[in-house]
Every structure is written in C-alpha cells, then in structure tokens.
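What follows is a short report on a single structure.
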Amino acid sequence: MSEKEQYYDLQQSFNSGEVSPEVANRTDLDKYRSALVTARNCYIRPYGAVYRRPGTIFCVATKYADKKSILYEFFHNRSLSYLLEIGEYYIRVHSSEGVYKGVEVATSFAVGDLDNLRFAQSSDTLFIASGSYPVKILQRYGDTDWRISDMDMSSPYFDIANNGGASDTNQVSASGTSGTVTITSSESIFTAGMVGAYIKLWHKIESQTLSLSSAASDTSGAMLVGESLTILTHGKWGGTVTLQSSEDGTTWKEYRKYKSTYSDGNGDFNASESGTFTEHTYIRIVTAITDGTCTVDLTRLPYTHVGFAKITAYNSGTSVTANVTDSFGSISSTDTYALSCSCGAYGYPKCVTFFQDRLVLANNNKYPYAVWLSRSGDYYNFSTEEANGTVTDDSAIMLSLVNRKEYQIQHLCASSDLIIFTDGNEWIVSGSSTVTPSQCLAKTQSSRGCTDVIPISIGNRIIYVQRRGTTVRDFAYSFETDNYDGMDLTILAKHLTRDNPLLDVCYKQDPDSMLYFVTTDGKINCLAYVNDQKVYAWSTIDTSGSFEAVANITAGTEDTVFAVVKRTVNGSTVRYIEKFSDYPNTTNPMQYVMLDCAKAVALSSAGNTLTGLTHLIGSTVDVLANGRHLKNLIVLSDGTVSLGECTCTDAIVGLPYTTEIEQPNFEVLGRSGTQQGKKKKVSEAILRLSNSYGGYLGDSSDYVDEIRYDGSTTVTLFTGNKKMTVPNRPVGGYVDSGRIYIKTADPYPFDLSAIIRVVTMG
C-alpha cells in the first residue's frame, strides 16, 4: 500500500470482544481482525455484531438499603420460576418479573454468610448449605406458602474414627435403650458444641431363647432380634401360633403364622425354620391353642446391635443427654462407638448437590476434604448397611480427597461425573458406572483452585473463577488427554480483572449465550461464550452506581438477568433489584428500554407531567417521550417529572449511560510491510446498522461528530449503511492509530454489524 492511496478496510465481526492493550499490539493474531479495544456498555453477538446493551428496569427496593443481598433462581417449571432475594436473616420471594410476592421467611444467615451459600434443588425443595448452620431446606407449598427448616436426617453419617479424641479403651454407656437417656463416657469427650450431633453405640448381643408353653390363648414377652432367629414348636396341638413383629415394641403386626390340626390325640404339624432381619426388630409369640399343648422356642442368634441417639443437652465433658433414634442394644458399657461427622463443634457442610440420585454434601471444619453421599434415592439417610458382612451398594458413602496440602472443597458440580472444586485443585468422581461404596474413587485432574464464585454449567463444560478471582476458565473432559482441563477465557482481556476480582456470576443462554461477572469495582464483565465456535468475547457494563449481585431467571421464552444495584438517590444509599430489558427486533424506539433504573409511564391522555417515580427522587434523568429524547430533567420530591412544553402519552424515564465502541489500530500488510508506526488518516467511515439511532463518531474520543439521520421529527430506527465523514484533527488529521471510535448516551438501540473505514497513508 503506497502513500496517499486509499484503502477500504472492512471489519465485519467483533466477536473477539474487548482485548487488553497488550493484545491490541498483536496484529499477528487471527482474533485481531475481529477485536475491539473498547466495548463499554455493549453486548457481543457470537456471530459477530456488537450492540448497545439494553437498560435496566426498576423492580423493587431490597429489604435493607444499607446491607448487601444476593439473588438466586428457584425453578418450578419451564414456565414458572421465582427470584429469591437473600439478605441478612431473611429470604424474600419475587416473581419471575421481579414483583414482590409478599412472602418472607426468616433465616439464620448473616451478611457474612451470603457469599458462602451453596444451593441444590430437587422439585420444590431447595437445599442450602452454609458451613455455619445445619443444611436448610426451603420448600414451596404454594405460590405464597414457603417454609424453611433444618434438614432432618433420618440417619447421619458416622465416622468410626471419630471417637471424640479419646483413647481406644474409653468406655461409653447409656442409661436406657430408648427414649431420653443419659450417655456417660469414662473419658472427657463431649463439648457444648456437640448438641445436635449424634452418637452411635455398638453392643455385642448374646443368643437368647424365648419359650412359651400354651394350651390356650397366650402372648409371650418381646425379644429384640438383630439379624437371625430360629423357631421350633413341639407337642401335640391344634390351633395357631403367630409370630408378631414391631419396630418400637408397641405397635405389632403379623410376621409369620403356623397352623396345626389336632385329631385322635395327635397334632399334624410342628414348625422348625429360621428367619433374617435387616433392621432391629422386636418379636413375640401369640398362641391360640384349641387342643393339646404347644411349646414354642424362639431363639435369637448372636449379633452386633447398633443404635444411635441425638445429643440434646451438654452436662459435662463425660455426660450428655440424648434422645434415642434407633434403640440401643444394652445399657452396658462399650468401647465401640462413633460420633456423627456434623455438628456445631465440627461445623456443618459447606457444599451440596445431587449426583446419581444421591444427595451429596461436602466440607465442614473437621473434614474440609470430605464428601458424603446419601443412600440411593433416600436424600435424608446417610446410613450404611451390611449384608453377609458386605456393605450394600445403596449404602451411604464417605469419600476423602487425599491431599498433601489441606485444600478445602469449595464447590460440587454434577454432570456425567461428579466434579469437585477445591481452593487448590480439581477432582472428579467418575459416573461411567453406578457409584457404590466399593466403587467410588476420586481422581485429581488439575491444580488451579477456585474462588467462592459458583461455577456455571454450559453444555458439557463448566465455567469457573480461578483462585485469586482474576481468571475465568472452562473445564471439560478431553479425549486426547483422557483428563479434565480447560483454557483461560480471560487471556485476551486481562486488563478487565487485573485489579478487580470477580465476585458473582450468572449465565443467560438466550439470546447470545452470555455470562455476567460482577467485579469488586461494581461493574459487570460480560462474556459471550460459544465454545464450539471458539467465541470468547468480553465487554463491560457500568452504571451510575455499583452492581453487587446477579441472577438469571429462565421462565418464559427468553432469559432475564436481574441485578442488585447500589445507588445514591437524593443523597441516600439505596439498593434496588433491577432487571435488564430485552432487545426486541422492531423499528419503534418506544419498544426498547435504553435507560437504567427505568420505568415506563403511560398517560390516559397527552400530558407533560409524569408520575410514580419516587425511586428516583432528586435524580437527573433522561426521558424518551413518544420517541423524543429529553435530557437532564429532575425528579421532584413527589416523584414527578415535568416535560415542560413537550407532551406525550407514553414515556420511559431513567438514568442515562454511555456506550463506547473502538476498533484496534489499522493494519494491513503492504509491499513495505506493516502499517504500524506509519501516519495514517481515516477520512470516512461506513457503519452497517440495524434498528439504530443516535451516537457520535470520530477517530478517538477527543474528536467526534454527531451521526446524522434523516431530518424527520419522528424518530424511526435506521437499518442500512450509514456513511459519515470522520472529523478532521487540527493538523491534517494524520495519526498513528487509524481507529474508528463511536459513543452514544442516547436512549436508543445501536446495533453495529460492520465498520468500513477509508484509510489514507501519509
């Protein structure tokens, strides 16, 4: 390319997104041709276009203006979801449109707990793990009927190695086998924090024979059977002998029944058989003898009786009060006992998910590297069971990650495999076959670590924030390496997170497959992500305030992103829940919301006073009145805005925000090599627009001219090629960069699919 020769440079895609200044020097990269150096308040379409992000619609103020809250989606079905506002000691329920349902439940969660909450949902039950409190369950019984409680385990998991730190010879006994009992230890093992924990005792029970000789209707006493029994009847008799069983020793039902006929002084039947039980069961004999005499011998074979109780009160280091949940076999002392893995003293699970129809919990203070899987299909039961000396396949499982460094588990993600993220490495439990106690092995995959930000599943990949909070990675199985790993998705845009770690994230699948990452400086870093097309395009979102939390609601035909926004209104701090507007395909500008914290106002007849804007009292706002843009209006103390001489029937009122789009330096290889370092002038620009209006254009932010449309007083959105002369600089207009810069704060959409810049070398 020779000097003074004009070159028409076409950039027809922007799906590399905003890149860092360092990457903007890499003209050799393929992604350079589709990159931007500025994409502020923009979205990137995966197929190439860049467009002004829609505004936010005011929904409701959070409960506390001075305290943080987070958002979470409660999914009911594909047409009905709820938005949960979770703050200090409360959860409020909002509709999928952001309308408060008038439902609030009290919780134990302080502000400091909010970042530690982990969620897993099964039907209308949401499990919430915090690490500070027992796992909670939030249940929906109806549209306005919501209840929260502690998850009540039918059986917790007992670690046989957890004996309270006592010696192997320590003896523990209970004052009774059922009901409320006192449990005593010969060594000091109990603490006040163990209230709520469970204790399990093993007793070796000897054989016992229960006999009943009867010539009439009689009932024997009860005998507790653990595993096996035998029954033998003898004598000459007629009538029936019934064995009855009971789980608690009070409510009885028929277990087996034997019948004999007495004729000519002889009985025609005597029983001799055995039976087995998988649970502790009380057995008794009931006879109805009509002839002769029957003797029944019922023999219990030796077994090991396992019972457990929930500790309800702390008495001393050697004594607690407990309620027996599963009866003890004896009141004698035993040196075989265990304490449950979770309580106030040990901490509570910090992670929760579902995997292969098991509830999965992980990480408390005592076991930061442990994972517990419930029994199959029984989410509240973490018991184990043996049959013929072997633990059954459906028993609960405790899995410990073998770490040389004591990394703590941060997240559990269930897909085809169970993926375990710690603060130092990543593991999987293979789901290629059914997980059982004998077939459950965790394998380490990579050593990167993650933060508190909850990972997001997109297809067969997981997006997570790497330890220290400034790098976003994906994570998936690779057939080439037979291992899980992924790439750094922030490699081209390190400047966005370098000093601003990521705090929260949500994923909007439709349209455009975008992730929203909240940063410490109150902005949102937005990532358009389509892995199979190799699209990882970043842009930024800011507002006149600070974003603090985000959540996506999937109800309806299009996803909706909600945010908690901290603003200053009328001199006071407020926190609002706002939702990002959709982006319709229409030429009517009134169908778009391109202002923040906005509200639509409809008048019954044309007027110049807008009401109902108390959420913006004292604020300077812009108004789109029947398509006309009015700037710098003040919301009065009664929540009204005067339009002066302008009248309208429909208006959108809100806070303006600025969109900026800037290309990288012009580059094309000529006979003399690169164009970098040479003076050049961009004389014209042709913008390929769809349903757009407003904006300014130049070769930098210092030199811009307004983009002119037709002179009609009625605003109609423009589609087509918009040709514009680039404003000249004071001395010839020749610069080093050769960029096109666009900005707009007008409350109109701006959808750019290509830029053609006319460049002259000089």
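Close amide H contacts of Phe14 (hydrogens built in the peptide plane, cut-off under 5 Å, sequence separation of 5 or more or a different chain): Gly48, Ala49. Phi angles of the stretch 642-654 translate, via the Karplus equation with coefficients 6.51, -1.76, 1.60 and θ = phi - 60°, into HN-Hα couplings of 9, 8, x, 7, 7, 10, 7, 10, 9, 8, 10, 10, x Hz per residue; Gly and Pro are given as x. Relative contact order of the stretch 453-566, taken over Cα pairs closer than 8 Å and 6 or more residues apart, is 17 percent.
Taking a straight line from the alpha carbon of Lys310, these aspartates and glutamates sit under 16 Å away, with near neighbours fewer than eight places off in the same chain left out: Asp150, Asp152, Asp159, Asp326.
Counting only heavy atoms of the protein chains and using a 1.4 Å probe, His280 has close to 40 Å² of accessible surface. The length gained on full extension between Ser154 and Ser446, counted as 0.36 nm times the residue separation minus their Cα-Cα distance, comes to 101.5 nm.
Here the stretch 418-530 is treated with +1 on each Lys and Arg Cβ and -1 on each Asp and Glu Cβ, and its dipole about the Cα centre works out to around 160 debye.
The protection proxy used here, the mean number of other Cβ atoms lying within 10 Å of each residue, ranks peptides 266-274, 483-491, 357-365 as follows, highest first: 357-365, 483-491, 266-274. Residues whose amide H lies under 5 Å from that of Glu386, counting only those 5 or more places away or on a different chain, are Thr392; hydrogens are built 1.01 Å from N in the peptide plane. Against the criterion of solvent-accessible heavy-atom surface with a 1.4 angstrom probe, Cys440, Cys351 sort, most first, into Cys440, Cys351. Judged by the mean number of other Cβ atoms found within 10 Å, the most tightly packed of the peptides 92-102, 281-291 leads the ranking 281-291, 92-102. The ratio of the alpha-carbon radius of gyration of the stretch 401-445 to the globular-protein estimate 2.2 N^0.38 Å is 1.14. In terms of distances greater than 25 angstrom between alpha carbons, the cross-link table entries Lys579/Lys631; Lys631/Lys680; Lys67/Lys136 yield Lys631/Lys680.
To the nearest 10, the accessible area of Arg757 is 10 Å² with a 1.4 Å probe. The gain in end-to-end length when the Ser213 to Arg468 segment is fully stretched comes to 84.1 nm, 0.36 nm per residue minus the alpha carbon separation. Cα centroids of the stretch 477-524 and the stretch 596-660: 36 Å apart.
Here the 3J(HN,Hα) profile of the stretch 375-390, calculated from phi with Karplus coefficients 6.51, -1.76 and 1.60 at θ = phi - 60°, is 5, 4, x, 10, 5, 9, 10, 10, 8, 10, 9, 10, 10, 6, x, 10 Hz, Gly and Pro shown as x. Taking only protein heavy atoms into account and a 1.4 Å probe, give the accessible area per residue of the chain in Å². With the other protein chains kept in place, the chain gives 42 Å² per residue.
Positive contributions from Lys and Arg (+1) and negative ones from Asp and Glu (-1), summed over other residues with Cβ under 9 Å from the Cβ of Val565, come out at 0.
Taking a ≥ b ≥ c as the square roots of the eigenvalues of the alpha carbon gyration tensor, the stretch 288-401 is oblate, as a/c is not under 1.5 and a/b does not beat b/c.
In plain terms, the chain from Asp124 to Tyr380 could stretch by 90.6 nm, reckoned as 0.36 nm per residue minus the Cα-Cα distance.
For Arg567, the solvent-accessible surface computed with a 1.4 Å probe is close to 10 Å², ligands and nucleic acids excluded. Normalised by 2.2 N^0.38 Å, where N is the number of residues, the C-alpha radius of gyration of the chain stands at 1.30. Inter-part distance, the stretch 535-560 to the stretch 18-84, computed on C-alpha centroids, equals 4 Å. When only Cα pairs below 8 angstrom with a gap of at least 6 residues are kept, the chain shows a relative contact order of 15 percent. Taking θ as phi - 60° and the Karplus parameters 6.51, -1.76 and 1.60, the scalar couplings of the stretch 516-526 work out to 10, 10, 7, 10, 5, 8, x, 9, 10, 9, 9 Hz in sequence order, x denoting glycine and proline. Taken over the C-alpha atoms, the stretch 580-709 has Rg and Dmax values of 20.2, 68 angstrom.
What shape does the stretch 346-394 have by the C-alpha gyration tensor, where a ≥ b ≥ c are the square roots of the eigenvalues, rounded means a/c under 1.5, and otherwise prolate means a/b greater than b/c and oblate the rest? Cα axes put the stretch 346-394 in the oblate bin. Using the average count of surrounding beta-carbon atoms within 10 Å as a protection proxy, the listed peptides 246-252, 661-667, 429-435 rank, highest first, as 661-667, 429-435, 246-252.
With contacts taken as Cα pairs under 8 Å at a separation of at least 6 residues, the stretch 122-162 carries a relative contact order of 27 percent. Filter Lys63/Lys566; Lys494/Lys743; Lys31/Lys534; Lys236/Lys257; Lys350/Lys523 down to the pairs with a C-alpha to C-alpha distance above 19 Å, please. Violating the 19 Å Cα-Cα cut-off are Lys494/Lys743; Lys350/Lys523.
The values are calculated or read from the model by the stated rules, or taken from the named source; none is laboratory data. Quick caveat: nothing in here was measured; it's all calculated off a predicted structure. Reconstructed Cβ throughout: ideal geometry from the backbone, glycine too, with neighbour counts over all protein chains shown. Side chains are part of the model used for accessible areas, which takes the heavy atoms of the whole protein and leaves out ligands, DNA and RNA. Shrake-Rupley method; radii C 1.70, N 1.55, O 1.52, S 1.80 Å.
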